[in-house]
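Below you'll find the structure, written out as structure tokens, and then a few comments.
We did not get these values from a lab; they are worked out from the coordinates using the rules stated. Being a predicted model, the structure only gives us computed values, none of them experimental. Positions of Cβ are backbone-derived with ideal geometry, glycine not excepted, and every protein chain shown enters the neighbour counts.
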Amino acid sequence: MAAGGLGDLFFFFGSNPNEMIEKYHTIVGKPVLTPQWALGWHQCRWGYTNLEMLKEVVQNYTDNNLPFNTMWSDIDYMENYKDFTIDPVNFAGLGDWVREI
């Protein structure tokens, strides 16, 4: 129930569990298959100051034969923390490196 305001209640009636699940999915939608890359190991932190730091982290995973699927760089790669930008000094060549790896 909602802590304040209005809340919605749904009641499902059916003759078997599969019918109940089908009715539930008409309300919330069908589940989607999670992409394979999302199930692996993700590396992320705030404070990567340049592209060389990112490359070093990826290389350390490779050198130590550790599983590694996704690299996140928080907001440090942005130019003045503006969306859809890349710092042209500290992260110059980021797009080329991403295509390479």
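With each label modelled as a point 7 angstrom along the Cα→C-beta vector, the LEU39-LEU66 pair spans 2.2 nm. From the square roots a ≥ b ≥ c of the eigenvalues of the alpha-carbon gyration tensor of segment 1-43, which class results: rounded (a/c under 1.5), prolate (a/b over b/c), or oblate? Verdict is oblate for segment 1-43.
Determine the calculated [θ] at 222 nm for the chain from helices alone, applying -39500 (n - 2.57) to every DSSP H run no shorter than 4 residues and normalising by the residue count; nearest 500 deg cm²/dmol.
On the way: 3 runs with 32 residues, N = 101.
Counting only the DSSP helices, I get -9500 deg cm²/dmol.
Anyone know which of ILE21, ILE75, ILE86 comes out most mobile in the 10 Å Cα GNM of the chain? Taking springs between Cα atoms under 10 Å, the residue moving most is ILE21. Counting only Cβ charges, +1 for Lys and Arg and -1 for Asp and Glu, the dipole size of segment 56-101 around its Cα centre is about 120 debye. Relative to the longest principal axis of the Cα atoms of the chain, the long axis of helix 17-28 lies at roughly 60 degrees.
Charge dipole of the chain (Cα centre as origin; +1 on each Lys and Arg Cβ, -1 on each Asp and Glu Cβ, all else neutral): 360 debye, rounded to the nearest 20.
Here the chain is scanned for trypsin sites (Lys or Arg not before Pro) in DSSP loops (not H, G, I, E, B) that have at most 12 other Cβ atoms within 10 Å, and the longest stretch holding none of them is 1-44.
Subtract the Cα-Cα distance of TYR24 and VAL98 from 0.36 nm times their separation in residues, and report this length gain in nm to one decimal. Display every interim value, and only then the final one.
Details: separation 74, 0.36 × 74 = 26.64 nm, distance 4.08 nm.
Taking TYR24 through VAL98 to full extension adds about 22.6 nm, to one decimal.
Measure nothing fancy, just the Cα-based angle from helix 51-63's long axis to the longest principal axis of the chain, in degrees from 0 to 90, nearest 10. With rounding to tens, the tilt is 80 degrees. Shown here is the pair-distance distribution of the chain: with all Cα-Cα distances grouped in 5 Å bins from zero up to the longest one, the shares run 2, 9, 14, 14, 11, 8, 7, 8, 8, 10, 7, 2, 0 percent. Charge dipole (Cα centre; +1 on Lys/Arg Cβ, -1 on Asp/Glu Cβ; no other charges) of segment 32-91 amounts to roughly 180 debye.
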